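One structure is given here, and the rest of the page talks about it.
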Amino acid sequence: MVDKYSSSLDINKNSGNELFQENENDVKNYIDFYRKLLSSCEKNNLSETLKIIQKLLSLNEKIFSSSSTAEVFTYFCLHGAATAWILQSELKMPEATVYRTLKILRALELISPAVKISKIKHSKGGPRPIVWSLKGASGEEVYKAFKLHFKKLSPKFRIAEEVAQTILDKYLSENKRNEITFREIVIHIKELNVPFRTPDIADLTADYLLENGIKVWR
């Protein structure tokens, strides 16, 4: 699969390709600049953070001449690493679009293949998935992407993710809360009648909420 991305690409001159031809340090400086801007978002509330990210996406679109490439690049700036499947799931982006943006970002030498992932048992044929990392990304970020890839393949995790997002959007935000009890999570899941054991989904949902800054009382 790595060789799949090594073919030369005819990228539009307005895509940002000319930005990185002179000095490799320019690439790292560019990435560091964006990552520092995005990391500063953590100090703002959700509304302000979204405004900042929207402005960066707008700027990226002007650089890359592609909203999808801008969105994927912003994701890499936020998380450091990802697989194609993670990008499809997190950004709700078609598979073909994801692979096209990965090709563009690799041609610009903004990302590179970090590690190949072993295929899960009984999976379909085809190339092994790759964790792509942003230039300067840490080993921890690559490892997190590795773990997230397998989580995203789990039907239980995907349902828990949807449940958690529903709680975040329709329950906590409406009531202006940043905490929830485990019992409330269980009640919410029972109301949704999910096709898995409630305790399993509740534990995964609680973990997802904790990762998103929500206090879960048990």
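Here are a few things to note about the model shown:
- In percent, rounded to a whole number, the relative contact order of the stretch 155-217 is 49, using alpha-carbon pairs under 8 Å and six or more apart.
- Each residue of the stretch 151-162 was assigned a 3J(HN,Hα) from its phi angle through the Karplus curve 6.51 cos²θ - 1.76 cosθ + 1.60 (θ = phi - 60°); the sequence is 4, 5, 7, 7, x, 5, 5, 5, 5, 4, 5, 5 Hz, with glycine and proline shown as x.
- Phi angles of the stretch 57-69 translate, via the Karplus equation with coefficients 6.51, -1.76, 1.60 and θ = phi - 60°, into HN-Hα couplings of 4, 4, 5, 4, 4, 5, 6, 8, 6, 7, 5, 5, 5 Hz per residue; Gly and Pro are given as x.
- Long-range HN-HN contacts of Val115 with modeled amide H, under 5 Å: Val131
- Working note: Karplus 6.51/-1.76/1.60 with θ = phi - 60° gives the stretch 29-37 the couplings 4, 4, 5, 4, 4, 5, 5, 5, 4 Hz, where Gly and Pro are set to x.
Computed from the coordinates by the stated procedures, all read-outs in this text should not be read as laboratory data. Remember, predicted model here, so these are calculated numbers, not experimental data.
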